[in-house]
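We did not get these values from a lab; they are worked out from the coordinates using the rules stated. Small disclaimer: the values here were computed from a predicted structure and weren't measured. So basically every Cβ, Gly included, is an ideal-geometry build from the backbone, and we count neighbours across all protein chains shown.
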Amino acid sequence: MTQPHDFKRVWFITGASRGIGARIAEAALAQGDAVVATARDPASLRLGDTPALLAVALDVTSEAQAAAAVEAALQRFGRIDVLVNNAGFGLLGAIEEATGDEVRRLYETNVFGLLNVTRAALPSMRERRRGHVINISSLGGYQSGAGFGVYCSTKFAVEGLTEGLHAELAPLGIHATVVEPGYFRTDFLDGASLGISPRVIDDYAPTAGRVREAAKQISHNQPGDPRRLAQAVMALVEAPRPPLRLPLGTDTLAVIRNKHVFVEQETAAWQALAASTDFPPGE
Ligand code: NDP
């Protein structure tokens, strides 16, 4: 009978039914770690049958289910070493085209869901003064753009939350990393996952409208390989000093470089006005 201490690491992964979450779960199991694989429908998990695997139902929008899933993980393995907040989906449409309900549904999963699971998992990590919280953001968490503005705003929230967690958890011996994948070949851009705002406003045809069309071409032709992403996450947890941010994919690297140039140039151009708003010395 396998004992919890036989495993080097215990992972807790949200959205492990398919895509990036499933590939990370497979890679962790393949290297002999234990995995708590969570999914809205545990029957959709295709990770085999091994004592190293615990399949648990978790819709991250339910705070009660998040607490129960973490409890089940601790009952079975006694600890969580790595929490991967991966569950999420995209919303395509101009910001004005998205309805309030669409926006709220997206935030319920991508932001409030991540917070539900993080709050549930942190007490046991704090108790042990160890652990690693890995939040899956996006290239869109670094640079927003037409057609994905609402989605990107959820990933900007994930970036902000992870920077805060990093500052609060480092003194407690717990790592926090935000992973920023570029376009990876999963269901992310197809109808199985992506929300598309049905309301179309003609004025946005050259911006958000163009992105709607491009998404169809990119879907399932993305340059990023989810299995290689999973291997990068395996390397990440081995690092003695893991980074706050881990961009993945050459597309993300280009986006970051371009944004840095833009911010540098724009800040320099507006430097005088930006510096004009402090009280003068002594006032
Ligand atoms: P997929 O659509 O292939 O997988 C999404 C996963 O999230 C599924 O397992 C889905 O479960 C799960 N999920 C969605 N909503 C919930 C919920 N409320 N509770 C629990 N699970 C849920 O996409 P990816 O694997 O590509 O996406 C994974 C993460 O990576 C997301 O956070 C996404 O934003 C991010 N990302 C992806 C990129 C890409 O190009 N692929 C780029 C940048 C970021 P179910 O099977 O039940 O629907």
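Details
- The chain: equivalent-ellipsoid semi-axes (sqrt of 5 x gyration tensor eigenvalues, Cα, Å): 33, 25, 18
- Working from the Cα coordinates of region 1-131, the gyration tensor eigenvalues give, after taking √(5λ), semi-axes of 28, 16, 12 Å in decreasing order.
- Calculated P(r) tail over 20 Å for region 151-283, as whole % of Cα pairs: 65 percent
- Local electrostatic count at Glu102 - Lys and Arg +1, Asp and Glu -1, tallied over other residues with Cβ under 14 Å: -1
- Entry note, the chain: the mean residue ellipticity at 222 nm calculated from DSSP H runs of n ≥ 4, each adding -39500 (n - 2.57), is -13000 deg cm²/dmol after division by the residues and rounding to the nearest 500.
- Extent along principal axes [Cα atoms of region 197-247; Å; largest to smallest]: 52, 23, 17
- Ranked Leu246, Leu139, criterion: other C-beta atoms within 10 Å, fewest first: Leu246, Leu139
- FRET efficiency, Gln231 to Thr207 (Cβ-Cβ, R0 35 Å, nearest 0.05): 0.45
- About the Cα centre, charge dipole magnitude for the chain (Lys/Arg +1, Asp/Glu -1 at Cβ), debye: 920 debye
- Considering only Cα atoms, the convex hull volume of region 218-283 works out to 158 Å³ per residue.
- For the chain, built as a Gaussian network whose Cα springs stay under 10 Å, the top-fluctuating residue of Gln271, Gln222, Gln143: Gln271
- Think of region 4-253 as a dipole: +1 on every Lys or Arg Cβ, -1 on every Asp or Glu Cβ, centred on the Cα centre; then among Ile80, Asn221, Leu122, Ile80 lies furthest on the positive end.
- Here is what passes the span test in the chain: the DSSP H helices with alpha carbon length of 15 Å or more along the helix axis and a Kyte-Doolittle mean of 1.0 or above are 19-30.
- log₁₀ of I(q)/I(0) at q = 0.15, 0.17, 0.25, 0.29 Å⁻¹ - region 21-83, Debye sum with one point per alpha carbon: -0.42, -0.54, -1.17, -1.44
- Local charge for Pro226 was computed over the other residues whose Cβ lies under 13 Å away, with Lys and Arg +1 and Asp and Glu -1, and equals +2.
- For region 211-277 versus region 9-26, the spacing of their alpha-carbon centroids is 22 Å.
- Taken over region 80-208, the convex hull of the Cα atoms encloses 103 Å³ per residue.
- Computed from the alpha carbon atoms alone, the convex hull of region 85-160 holds 78 Å³ per residue.
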